[in-house]
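Notes follow once the structure below has been shown.
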Amino acid sequence: MWLALGAAVLIMGGVLAMYTFITPLLTDRAGIPAGAVPLVLIAFGVGVLGGTAIGCRLGDHRPMATTITASAATSLILLAMIPASNSPVAAVVLVFGTALAGLTVNPVATSLAVRFASDAPTLTSALTTSGYNTGIAAGSLVAGRALDSSLGLTGPVLVGAVFAALTLLPLIAPALRGTNGPSPGRRPPPHRHGRRTGDGRRLRRDRTLNTTPVQPRWEQPS
């Protein structure tokens, strides 16, 4: 559970480190007019919607592979944004890609946290939401310090790439152990032909019993 929470904190810190300071990156570095920034934010929102849908779709079947791939892709996209953000088109595409890849992790991380802590799903879900907010605050704080450093406008992007790369640490550990946790909502199929005995033999129901029709008392011969 705690590994999934750690992944939630780090991935949100990585994505929001870039997103918090996206306006100066787009206007001062990419040369996008200030009036067009809301359109880029809409593209980011579409990426968030797509990433959530992908995470919900793939996370049910391959949760660890989905989160590891998405985290690695997020880090690589943010790294590519450092040299490519001089181009308006490249900047918009990479902003969309960051949202698409980064937000794929969120639903899967929440599902894994609740799955590993099956005894307290409500509390775990609340902790995961708090973890997202903690990651947003931490990523934005570190990104703000990087913006004031010699890194300048690329500082928050670099911080985001580092946070996204660190997300791989809590994800790879359970993947190497082969721990996917119990699948929620999946129960072993019931035995159709009766129950098993202690020695493994299956008791079959005798369907020949009570097959003789019972005559009403007033129709029985005296």
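Placing a label point 7 Å from the Cα of Leu141 along the Cα-to-Cβ direction, the residues of the range 98-134 with a backbone N closer than 20 Å are 127-134.
The equivalent ellipsoid that matches the C-alpha gyration tensor of the range 56-117 spans semi-axes of 28, 9, 8 angstrom, in descending order. The range 1-62 gives an Rg/Rh value of 1.10, both radii derived from C-alpha positions and Rh following Kirkwood. The modelled label-to-label distance for the pair Ala90/Ser125, using points 7 Å beyond Cα in the direction of Cβ, is 4.3 nm.
Only the coordinates and a few stated rules stand behind these numbers; no lab work does. Because the structure is a prediction, the values reported are computed rather than measured. Glycine gets a Cβ as well: all are built from the backbone with ideal geometry, and neighbour counts include every protein chain shown.
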